[in-house]
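What follows is calculated from the coordinates using simple rules that are stated; it is not laboratory data. Since the structure is predicted, the reported quantities are computational estimates derived from the model, not experimental observations. Note: ideal-geometry Cβ built from the backbone for every residue, glycine included; neighbour counts use all protein chains shown.
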Amino acid sequence: MYDLVVLGGGPGGQKAAELASARGMKVALVEKDQLGGTCLNRGCIPTKALYAHIIGGHGTREGLWDRVETVVNKLRQGTTTALRMAKVPVYRGHGTVTQWEGEKRITVGKADGTTEDLTAARLLIATGARSVLPEFEGNRGAKIFTGDWAITAPLLWDPRQNQDVKRVAVLGAGVIALEMAMMLQGLGKEVVLLKHSDQVLRRMDGDVKKAVVKALKGRKTVMRDYVTLIRAVESDGGLTLSGTEKDVPFEERCDALIVASSMDPILDGFGLEGSSVAVRKGAIAVDEAMRTSVEGVYAIGDCTGGAMLAHLAEYQALAAVGDMTGDPYRVNMDALPSCIFIDPEVAVTGLTEEEAKSRGEEVVTAKAYFAANGMALALGQGDGFVKIVARASDRRILGVHIMGPEAASLLGEATLAVAKGMTAEEVTRTVHAHPTLCECFRDACARAAEAKA
């Protein structure tokens, strides 16, 4: 009998297994597919391997697809090694929970048709999420790819195989949609963005959204607003998409369609339907310690809804294992970083200006621009800015919003400042090396410290 069985071997599940084992628990992990989950196999990692070459300029187009597969395979091996070193056995197969209350029972169905039964005192669910495929005629055609699988299609990304793909339609305007749209443009493809509203990056700060739209227009991206797809018909080697834009019929001709509009928690296929685990708004309901409504059952990551981020799942794992072992930890959702690998790069943490005001905060905002930053100009990447959202009364930093060169790499300092409740003046008076991009964050803080309320 195990102290803990983890169902799902993505970033959150792996982290939970390793942490629990390090704290003296006897742990097993069940995974039906590749270790690493969506993030490693068909999400964050292959996307960024492509991004580094296509937009970041770190390498040539020759051997691009082989490079992506090399990166993914190396990290898969690292994941396997990490679990082995943590002395966590991995049961390969489809896990189904057959008993939720009291002692937990899990049956693992293996590829050879055999089964193995596991028992545990506790269970942690980390089953992830999948792309939502909207209902329209022809939605399962060979040239239609969902956002959680599109990055694995050499037809789109391998320069040796994608010569016939000239124009790609992308349904959605969130992180996945925009990252794929800009990378395709970097490969010389035309992109039409089919948006469900007139917004991009719905939860982002308003100034960031405006700047992203400007960047898209600068790339001559075709954008349609308030789109509803009705059908996709394959003919002459491509697709004809029919639908409405603001209730007016339209047609678009393209060579492929990426559906990247939203993700849904995976709640089926592992016995949840027959349990008393509470589900709220289509996701497993949890408290701050990641406890579900059933004693001894925890859930982390995308299956709990909300922000679907690999790094959030890892810190939720810390909260869950901390609760199991008497070392409490809570994720500070008001200091949650996220990155968007487009051009220019976007990285944000904390509250947007709009969120802060909706909470009744009186705020000041300030910006510093990379056009005045020596390192940014030396890199030839002077587009973008750092925006600070600070409380007016004490200039405590509530949010940081960056769009510009290496924005994601600048986010660590910003997140630390938000998480620790630092003021704009405290950051300003911390020595920043010159010439560096992080000076732009310091300069924005300096302006926030002096801004009039």
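At full extension, ALA278 and SER242 could sit 9.0 nm farther apart than now, given 0.36 nm per residue minus the alpha carbon distance. Once the C-beta distance of ARG253 and ARG359 is scaled by a Förster radius of 45 Å, the resulting FRET efficiency is 0.45 to the nearest 0.05. From the alpha carbon centroid of segment 338-407 to that of segment 120-176 is 30 Å. Counting 0.36 nm for each residue step from ASP327 to LEU379 and taking away their Cα separation leaves a gain of 14.2 nm. Centre-to-centre, using Cα atoms only, segment 1-25 and segment 38-106 are separated by 16 Å. Treating r as the C-beta distance of LYS217 and ALA408 and R0 as 22 Å, the FRET efficiency rounds to 0.40.
A simple spin-label model places pseudo-atoms 7 Å from Cα toward Cβ; at ASP66 and GLU137 they are separated by 4.5 nm. Straight Cα distances below 26 angstrom link LYS104 to the lysines LYS15, LYS26, LYS32, LYS87, LYS281, with same-chain residues fewer than 8 positions distant left out. If the rule is a partner Cβ under 4.7 Å, which cysteines in the chain fail it? Isolated Cys, the chain: CYS254, CYS303, CYS339, CYS438, CYS440, CYS445. The calculated pair-distance distribution of the chain uses every alpha carbon pair, bins of 20 angstrom beginning at 0, and gives 23, 52, 24, 0 percent.
Close amide-amide hydrogen proximity is noted between THR292 and VAL297, TYR298, ALA299, each under 5 Å apart and 5 or more residues distant or on a separate chain (H modeled in the peptide plane; Pro and chain starts excluded).
If the segment from GLU101 to GLU288 were pulled out straight at 0.36 nm per residue, it would be longer than the present Cα-Cα gap by 65.2 nm.
The relative contact order of segment 14-163, computed from alpha carbon pairs under 8 Å that lie at least 6 residues apart in sequence, is 24 percent.
Reducing segment 258-291 and segment 216-248 to their Cα centroids gives an inter-centroid distance of 31 Å. Within the straight-line cut-off of under 13 Å between alpha carbons, the aspartates and glutamates reachable from LYS189 are ASP158, ASP164, ASP255, sequence neighbours fewer than 8 places apart in one chain being disregarded.
Across the alpha-carbon set of segment 335-450, the Rg to Rh ratio works out to 0.95, Rh being the Kirkwood radius. At an R0 of 51 angstrom, the distance between the Cβ atoms of SER393 and GLN161 translates into a FRET efficiency of 0.30. Placing +1 on each Lys and Arg Cβ and -1 on each Asp and Glu Cβ, with no other charges, gives the chain a dipole about its Cα centre of roughly 540 debye. The value of relative contact order for the chain, using C-alpha pairs under 8 Å at least six residues apart, is 13 percent.
The C-alpha radius of gyration of segment 133-261, expressed as a fraction of 2.2 N^0.38 Å, stands at 0.99. Between ALA211, GLN77, VAL431, the Cα set farthest toward the positive side of the dipole of the chain (charges on each charged residue's Cβ, about the Cα centre) is that of VAL431.
Near the amide H of ASP255, within less than 5 Å, lie the amide hydrogens of LYS166, ARG167, VAL168, ALA169, LEU239, all on another chain or at least 5 residues away, with H placed in the peptide plane.
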